[in-house]
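Contents: one structure, followed by commentary.
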Amino acid sequence: GFYQVLGQARQRVRSHFDALIAAPQDQDEVVVRDQAVALWMTEQSGAEGQEDLQALGFRALESSWHLLHEFRTSRQVTHQQAVGRERLDKLMPMLINACAQQADPDLTLQRVLRLVEAILRRSAYIALLVENPHSLERLAMLFAASPWVADTIARYPMLLDTLLNEATLLNPLDVDTLKNELRQVLLRIPEDDLERQMDALRQFKHSHVLRVAASEIAETLPLMKVSDYLTWLAETLLQAVLDLAWHQMVDKYGRPTRADGTPCEQDFIIVGYGKVGGIELSYSSDLDLVFIHDADSSGVTDGDKSIDNNVFFARLGQRIIHILTSKMASGELYETDMRLRPSGNSGLLVSSLKAFQDYQENNAWNWEHQALVRARVVAGCPRLARRFAEVREAVLSRPRDEAQLRQEVVAMREKMLGHLSTYKELELNEARLAADCSFDLKQDPGGIVDIEFLAQYLVLRWSAQKPAMTRWTDNMRILDSALEQAILSAEQVTALQNAYLLYRSQTHALALQHGSGKVSAEQFVEQRRQVREIWRKTFN
């Protein structure tokens, strides 16, 4: 089946990678086969071209020949200046050669040509590739392995530097080095040049995400480490964004003051919910964020252009969102979702910790407490972060009516499933899952959301008696705690964790393939059965 083929392909990629990574740079010349040279350098008929492609191992002869021929005779190529054309003539046979070594040369060629089109006018990039012939094999391999990687590099060709740097490509940094590297990058930019700072943040993100993707494809980084790394990256960038926004605001309005009249030291936190809170980011996850401050709500700032503290923090929040979400040539930094703040879209963008606590204790719905299970501070003031953790713990540890809690969690889950067509089919066919039916890894019964809801329920149900249940925000460690506190059996925890890791791993693989989050319903049948079984035991 598909997975066997995928496994074999990965094995191949792995062996190629090992060969490349082990390769010293002063190796023998890359041998470019004559057919690859002829395909680009000579005026061939379709029949001759297809014969050469076949000799190189291409299979979709007509379409690959057509692609190459169209590109070679296109206006942008024929009208190139002499230096650029000379470089392109060196590069193309090498690229055709590198594509020919992949499992699917035709598809690889298609993806690689998009990159070449994107860099035609920047002949320095073409020169860079020509000077790194061994790296072309790695480029072809990554493009073959993932359309996501191919699209990202074609969209942001500056990432070629990252891709060609063999020493760092498969060695993502630890969190302190990551912070340090970003600090160095920003130090080189004048403090008042926000546009360049925003661009630098985006380039930094793209470069590190690419390193993670390459490491995941090469299987040098396991799944949990991939999410850890993407989460650290987001935290590092969020802290930098907060610092930039804070300095700009203080320069303009002065510092907000505390109740005793002293000026604030960045008394502000960014709380991550959802995937960033649960340390589960994937390649294109958005960020669920909530902003909280701790200044005196009735105070004013101490600058010449003094404004109310509340106005200062509201504008600080807007500025952070502007830096994160502005669409630039280098893309946006992160999509953000602020709907989990107190009172949702109708609430203030930034609330004080006191207002946040008051809302959670008196007005929040049960699903908002479920969301709070995954909330943790991802940037900002450490002192305020500790106070937030205390508020979170107090809210989660409140005694709850067990029957009512069960009913509300199930109702919320049913409501989510109501939006999905597959739910009814799956519930009806659970015994005889129709082979042509698909399984949505995240949303369908027995999938990721069931496991998340179970974990959240256990925290809300047991924290009053077992405060250790409030400690973690990620599903894996919440389930570990449920075992330590004797709430679930070892078999149940193993079943849930294994299913969860399998689903997440599959979700990542699909993201790198631009796939939807669905797989054939014949897959993961046993895992889904086990998750549903535990769900029924818990909620019925």
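Applying the condition of being of a type in the set (Val, Ile, Thr) and in contact (Cβ under 8 Å) with a residue 60 or more places away in the chain to region 467-510 and asking which residue is surrounded by the fewest Cβ atoms within 10 Å (Cβ to Cβ) yields THR507.
Among the residues of region 76-132, the ones that are over 16 Å from ALA36 (Cα atoms), under 32 Å from the mean Cα position of the chain (by Cα) and of a type in the set (S, T, N, Q) come to 2 in all.
Return the residue satisfying two criteria in turn: it lies in region 215-224 and is over 13 Å from the mean Cα position of the chain (by Cα) and part of a helix (DSSP H, G or I), and of such residues it is nearest to ASN165 (Cα to Cα). Ranking the qualifying residues of region 215-224, first place goes to SER215. Of the listed requirements (1) out of contact with any Ser or Thr (no Cβ under 6 Å at 6 or more places or on another chain); (2) crowded, with 18+ Cβ neighbours inside 10 Å, LYS537 misses just one: (2). Tell me whether region 348-365 contains one or more residues that are among the acidic types (Asp, Glu), modelled with pLDDT of 95 or more and part of a loop (DSSP other than H, G, I, E, B). Within region 348-365 (the criterion being among the acidic types (Asp, Glu), modelled with pLDDT of 95 or more and part of a loop (DSSP other than H, G, I, E, B)), the answer is no, since none of the residues qualifies. Is it true that some residue in region 521-531 is acidic (Asp, Glu), under 23 Å from GLU402 (Cα atoms) and in contact (Cβ under 8 Å) with a residue 12 or more places away in the chain? No, the conditions are met nowhere in region 521-531.
Kindly evaluate ARG122 against the criterion of being among the basic types (Lys, Arg), touching a residue at least 24 places away in the same chain (Cβ under 8 Å) and over 27 Å from GLU62 (Cα atoms). Yes; evaluated as a whole, the condition is true for this residue. Within the set SER207, SER227, the sole residue that is assigned to a helix (DSSP H, G or I) and without any contact (Cβ under 8 Å) to a residue 60 or more places away in the chain turns out to be SER207. Filtering region 236-250 to residues that are of a type in the set (Val, Ile, Thr) and either surrounded by fewer than 22 Cβ atoms within 10 Å (Cβ to Cβ) or not in a helix (DSSP H, G or I) (or both) leaves only VAL250.
A count restricted to region 507-526 and to residues that are part of a loop (DSSP other than H, G, I, E, B) and of a type in the set (D, E, K, R) stands at 1.
Run TRP367 past the list (1) under 30 Å from THR152 (Cα atoms); (2) touching a helix residue (DSSP H, G or I) at 6+ places or on another chain (Cβ under 7 Å) and report the number of the one that doesn't hold. TRP367 satisfies all of (1) under 30 Å from THR152 (Cα atoms); (2) touching a helix residue (DSSP H, G or I) at 6+ places or on another chain (Cβ under 7 Å) except (1). Has region 153-176 got any residue that is among the β-branched types (Val, Ile, Thr), more than 23 Å from the chain's Cα centre (by Cα) and outside the structural domain of LEU238 (by TED's automatic domain parsing)? Within region 153-176, not a single residue is among the β-branched types (Val, Ile, Thr), more than 23 Å from the chain's Cα centre (by Cα) and outside the structural domain of LEU238 (by TED's automatic domain parsing). Residues that are in contact (Cβ under 8 Å) with a residue 60 or more places away in the chain and crowded, with 22+ Cβ neighbours inside 10 Å were ranked within region 295-322; the one that is farthest from VAL250 (Cα to Cα) is ILE320.
Here is a check on your reading of the model: is LEU39 at pLDDT 90 or above and touching an Asp or Glu at 6+ places or on another chain (Cβ under 7 Å)? Considered against the rule, which asks whether it is at pLDDT 90 or above and touching an Asp or Glu at 6+ places or on another chain (Cβ under 7 Å), LEU39 comes out as yes. Here the condition is being more than 25 Å from ALA364 (Cα to Cα), modelled with pLDDT under 95 and either assigned by TED's automatic domain parsing to the domain that holds GLY278 or not polar (S, T, N, Q) (or both); of ASP480, ASP440, it holds for ASP440 alone. Any chance region 261-283 includes a residue that's of a type in the set (Val, Ile, Thr), at pLDDT below 90 and either in the same structural domain as SER505 (by TED's automatic domain parsing) or over 18 Å from the mean Cα position of the chain (by Cα) (or both)? Yes, because at least one residue in region 261-283 is of a type in the set (Val, Ile, Thr), at pLDDT below 90 and either in the same structural domain as SER505 (by TED's automatic domain parsing) or over 18 Å from the mean Cα position of the chain (by Cα) (or both).
Being assigned to a helix (DSSP H, G or I), modelled with pLDDT of 95 or more and touching a strand residue (DSSP E or B) at 6+ places or on another chain (Cβ under 9 Å): is that true of LEU289 here? So LEU289 fails the test.
Scanning region 184-194 for residues that are part of a helix (DSSP H, G or I) and without any contact (Cβ under 8 Å) to a residue 24 or more places away in the chain, we see that the one that is farthest from THR236 (Cα to Cα) is LEU187.
The set of residues in region 469-506 that are among the acidic types (Asp, Glu) and either in contact with a helix residue (DSSP H, G or I) (Cβ under 7 Å, 6 or more places away or on another chain) or part of a helix (DSSP H, G or I) (or both) comprises ASP480, GLU484, GLU491. ALA145 meets each of the listed conditions (1) touching a helix residue (DSSP H, G or I) at 6+ places or on another chain (Cβ under 6 Å); (2) over 24 Å from ASP34 (Cα atoms); (3) surrounded by fewer than 22 Cβ atoms within 10 Å (Cβ to Cβ) apart from (3).
Across region 268-283, the qualifying residues are those that are in contact with a strand residue (DSSP E or B) (Cβ under 6 Å, 6 or more places away or on another chain) and crowded, with 21+ Cβ neighbours inside 10 Å, and the one among them that is nearest to THR473 (Cα to Cα) is GLY277.
Here is the figure for region 43-71: residues that are surrounded by fewer than 18 Cβ atoms within 10 Å (Cβ to Cβ) and free of Cβ contacts under 8 Å to residues at least 40 places away in the same chain total 13.
Going through (1) in contact with an Asp or Glu (Cβ under 8 Å, 6 or more places away or on another chain); (2) closer than 30 Å to GLU390 by Cα one by one, ILE451 falls short only on (1).
Of all residues in region 156-183, none satisfies the criterion of being in a loop (DSSP other than H, G, I, E, B) and closer than 21 Å to ILE321 by Cα.
The values are calculated or read from the model by the stated rules, or taken from the named source; none is laboratory data. The structure displayed is predicted, hence computed values, not measured ones. Cβ sites come from the backbone with ideal geometry, for glycine too, and all protein chains shown count toward neighbours.
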